[in-house]
Amino acid sequence: MRKLAAGNWKMNGSVEDLDEVTALIAAHPAPGCEMLLCPPATLLSRMAERAAGSSLMVGGQDCHAKTSGAHTGDVSAQMLKDAGATHVILGHSERRADHGESDISVRAKTIAAQAAGLTVIVCIGETEAQRNAGDTLAVIGRQLEGSLPTSLTTAPDGLVIAYEPVWAIGTGRTPTLQEVGEVHGFIRATLTKRYGEAANGLRLLYGGSVKASNAAAIFAVPHVNGALVGGASLKAADFGPIVLALAVS
C-alpha cells in the first residue's frame with residue numbers, strides 16, 4: 001500500500017505562493033510516498049503545470065455531482081481532471097458545516113468523481129460535543145455508511161478515507177494516539193464488513209493539526225496510512241518534514 005501525504009490549502013494561496021510548490025518538488029524529487037497538494041480552484045491548473053513530470057500530484061477541494069449544467073460557481077469532476085487534477089477532497093467538515101453538505105450529497109459527489117477517474121478522499125469526523133458525549137464511533141459509522149458508495153467500483157487505491165476530528169482541525173489539539181488508533185481500527189473493521197478483503201487496500205489518513213513535531217508518532221499508529229494536512233501544507237519547509245516522516249514510517 002502506497003502511503004499518502006496530502007495537503008489541503010483550503011481558501012489560501014495566490015500565484016506567488018506557487019514558488020512553495022517549486023521548492024517542495026525540488027526538495028523531494030523521490031519522496032518514498034505519494035505527495036499531493038489540493039489548492040483552491042483558481043490555482044489548480046497553474047499548480048498542475050508546475051508539478052508536471054514531478055513527484056507531486058494535484059487535486060481539487062470539492063466537485064459537483066453533475067457533469068455540467070446550470071450550477072453557478074460549481075466545478076464538476078471532469079473540469080477538475082481537465083485542469084490537471086488526479087484527486088479530489090470531498091465531505092470536508094468545513095464543507096459540511098459551511099454549505100450544509102449531507103452524507104447523501106457526499107456519496108453522490110464521490111460516485112461522480114470516481115466515474116471521472118479521480119481518486120477521492122472522503123472526510124469524516126466528530127465534533128467536540130459528539131466526542132464528549134461518547135458518540136464518536138457512532139458518528140463515524142453513520143458517516144461511513146452514508147458517504148461512501150455501496151460497492152467498490154474502482155481499485156481500492158481510488159478511494160481514501162480521511163479521519164479528521166472536527167475539534168482538532170486548525171486548533172493545535174489532537175486526539176491521543178490511543179484515540180486515533182481506536183477510530184482508525186474501527187474504520188478498517190467497518191470497511192471490511194462493507195467491502196470485504198478489498199478494504200485492506202483502502203488508505204486511511206489522519207488529519208487535524210498534523211505537524212512535523214507529531215507526524216512520526218501519528219504515522220506509527222496501526223491503520224494510519226498517511227495524513228491530510230491543512231495549514232502545515234502551505235509552506236514547503238513545514239510540509240516537507242511530514243512527507244519525510246511518512247516515507248520512513
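Considering only residues in region 154-173 that are β-branched (Val, Ile, Thr) and out of contact with any strand residue (DSSP E or B) (no Cβ under 9 Å at 6 or more places or on another chain), the one that is nearest to Arg2 (Cα to Cα) turns out to be Val166. Scanning region 2-22 for residues that are under 22 Å from Leu244 (Cα atoms) and acidic (Asp, Glu) yields Asp17, Asp19, Glu20. Of all residues in region 128-151, those satisfying the criterion of being more than 18 Å from the chain's Cα centre (by Cα) and assigned to a loop (DSSP other than H, G, I, E, B) are Ala133, Gly134, Asp135, Thr150, Ser151.
Scanning region 225-244 for residues that are surrounded by fewer than 22 Cβ atoms within 10 Å (Cβ to Cβ) and of a type in the set (A, V, I, L, M) yields a count of 5. Annotation: of all residues in region 199-210 being within 15 Å of Ser249 (Cβ to Cβ) and not aromatic (Phe, Trp, Tyr), the one that is surrounded by the most Cβ atoms within 10 Å (Cβ to Cβ) is Val210. Apart from one condition, Val122 fits all of (1) of a type in the set (Val, Ile, Thr); (2) more than 20 Å from Gly60 (Cα to Cα); (3) touching a residue at least 24 places away in the same chain (Cβ under 8 Å); the exception is (2).
Each row is one residue, and each column tells you yes or no for (1) in contact with an Asp or Glu (Cβ under 8 Å, 6 or more places away or on another chain); (2) polar (S, T, N, Q).
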| residue | (1), (2) |
| --- | --- |
| Ala51 | no, no |
| Ser76 | no, yes |
| Thr86 | no, yes |
| Arg95 | yes, no |
| Arg107 | no, no |
| Thr119 | yes, yes |
| Ile124 | yes, no |
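Among the criteria (1) over 12 Å from the mean Cα position of the chain (by Cα); (2) closer than 22 Å to Gly170 by Cα; (3) charged (D, E, K, R), the one Lys10 does not fulfil is (1). The helices (runs of 4 or more DSSP H) falling completely within region 1-114 that include 1 or more residues that are surrounded by 18 or more Cβ atoms within 10 Å (Cβ to Cβ) and in contact with a Leu (Cβ under 9 Å, 6 or more places away or on another chain) map to 18-27, 44-51, 77-82.
Please state which one of Leu228, Leu202, Leu159, Leu234 is modelled with pLDDT of 95 or more, under 19 Å from Val58 (Cα atoms) and touching a Pro at 6+ places or on another chain (Cβ under 9 Å). Leu159 is the lone residue from the list that is modelled with pLDDT of 95 or more, under 19 Å from Val58 (Cα atoms) and touching a Pro at 6+ places or on another chain (Cβ under 9 Å).
Please indicate, with yes or no, whether at least one residue in region 215-227 is within 21 Å of Val88 (Cβ to Cβ), touching a helix residue (DSSP H, G or I) at 6+ places or on another chain (Cβ under 8 Å) and assigned to a strand (DSSP E or B). Yes, that holds for at least one residue. Among the conditions (1) touching a residue at least 40 places away in the same chain (Cβ under 8 Å); (2) out of contact with any Ser or Thr (no Cβ under 7 Å at 6 or more places or on another chain), the only one that Asp238 does not satisfy is (1). Pairing each residue of region 133-152 that is at pLDDT 95 or above with any residue that is hydroxyl-bearing (Ser, Thr, Tyr) and assigned to a loop (DSSP other than H, G, I, E, B), provided the two are 6+ apart or on different chains, yields C-beta distances under 9 Å for Val139/Thr127; Gly146/Ser102; Ser147/Ser102.
Among the numbered conditions (1) acidic (Asp, Glu); (2) over 15 Å from the mean Cα position of the chain (by Cα); (3) under 24 Å from Arg96 (Cα atoms), the only one that Glu197 does not meet is (3).
The values are calculated or read from the model by the stated rules, or taken from the named source; none is laboratory data. Bear in mind that the values here come from a model prediction, so they are computed numbers and not experimental data. All Cβ positions, glycine included, derive from the backbone under ideal geometry; neighbour counts span all protein chains shown.
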